[in-house]
Amino acid sequence: MRIGIVGLGLIGGSLAKSIKTKTQHTVAAVDLNSDTMMMARLSGAIDEALNEENLPQCDMVLLAVVPSAAVRWVSENGRFIAKSATVIDMCGVKRTVCEKIRPMAQEYGFCYVGGHPMAGTERGGFASSDAELFNGASMIVTPDENVHIDELEKIKAFFTDIGFASLTFSTPEEHDRIIAYTSQLAHITSSAYVKAPDAQLRRGFSAGSFNDMTRVARLDEDMWTELFMENRDYLAEQIQVLINNLRQYYDAVSAGDPDTLKQLLKDGKEKKLSAGGH
């Protein structure tokens, strides 16, 4: 297949490298940064630049840019996409993206599926991209009723070929509700936590727990602000839940109430054990 990739940051660059390393597919890509395009060409991550001439020959187009850019790109280039092609966005929110791209897909006749790879690092950009980034990861997809089972089988085969362990099927609504807790709240909490004055006095006093809590505070503020704002209803709910929970710990500590504090800690431990995972 010929795969088109829009955006060669961490996710787009890793997709390109994974495809070229693990499959025989041809990759045509576009990025606004000319230096990134040069690095991608020289490193062998892409075969050619994506343009109006070769876009109609692409069997699959992967949109690895922020939501507004993904919608804008499809609006400007949708007429060049083949009716036989599959377009999948990689955006971290799904409701607004799917609502805007699905009508364009119906208008131009190509298949569109919302997607979100559950993989990443705190460092962005093509320089941080990795052909092994998606190994063992879950790929979330939010197909609507117009997507045929054969199309989903093709999508599953493609993503498992480049390292994903499985496809997780969801709706845009469910995706945004759950991702507000599993991803977005974690970034908000990390960003707030690292602002404490004593964070600057940590030398010699920090270990794994500090590193775990602060790792994702190193974020792209432009991208994450857009993602947070696009999902602000669900994210605000999760922030309020966290504030309410923290208030219980604060009350127990400030009141010198070890029994309540012990029970709160026990409850948290049991919640973690019942949730599974690492």
Original post:
Do we find a residue being of a type in the set (A, V, I, L, M, F, W, C) and open to solvent by 50 Å² or more (accessible area, probe 1.4 Å) anywhere in segment 110-122?
Top reply: yes
Original post:
If you check ASP220 against the conditions, is it under 24 Å from VAL93 (Cβ atoms) and open to solvent by 60 Å² or more (accessible area, probe 1.4 Å)?
Top reply: yes
Original post:
Among (1) open to solvent by 80 Å² or more (accessible area, probe 1.4 Å); (2) of a type outside the set (A, V, I, L, M, F, W, C); (3) at pLDDT 95 or above; (4) under 19 Å from ALA180 (Cβ atoms), which single condition is PRO258 missing?
Top reply: (4)
Original post:
open to solvent by 50 Å² or more (accessible area, probe 1.4 Å), touching a strand residue (DSSP E or B) at 6+ places or on another chain (Cβ under 9 Å) and either of a type in the set (A, V, I, L, M) or part of a helix (DSSP H, G or I) (or both): does that describe ARG41?
Top reply: yes
**OP:** Report yes if some residue within segment 191-205 is closer than 30 Å to ILE88 by Cβ and either of a type in the set (Phe, Trp, Tyr) or surrounded by 11 or more Cβ atoms within 10 Å (Cβ to Cβ) (or both); otherwise report no.
**Re:** yes
Original post:
When residues of segment 166-198 are filtered for being closer than 19 Å to GLU122 by Cα and in a helix (DSSP H, G or I), how many remain?
Top reply: 15
Original post:
Are any of the residues in segment 63-77 assigned to a loop (DSSP other than H, G, I, E, B) and open to solvent by 30 Å² or more (accessible area, probe 1.4 Å)?
Top reply: yes
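The values are calculated or read from the model by the stated rules, or taken from the named source; none is laboratory data. These numbers were taken from a predicted model, which means no experiment stands behind them. Positions of Cβ are generated from backbone atoms using ideal geometry, with glycine treated the same way; all protein chains shown enter the neighbour counts. Protein only, heavy atoms only, side chains kept; ligands, DNA and RNA dropped before computing areas. Shrake-Rupley method; radii C 1.70, N 1.55, O 1.52, S 1.80 Å.
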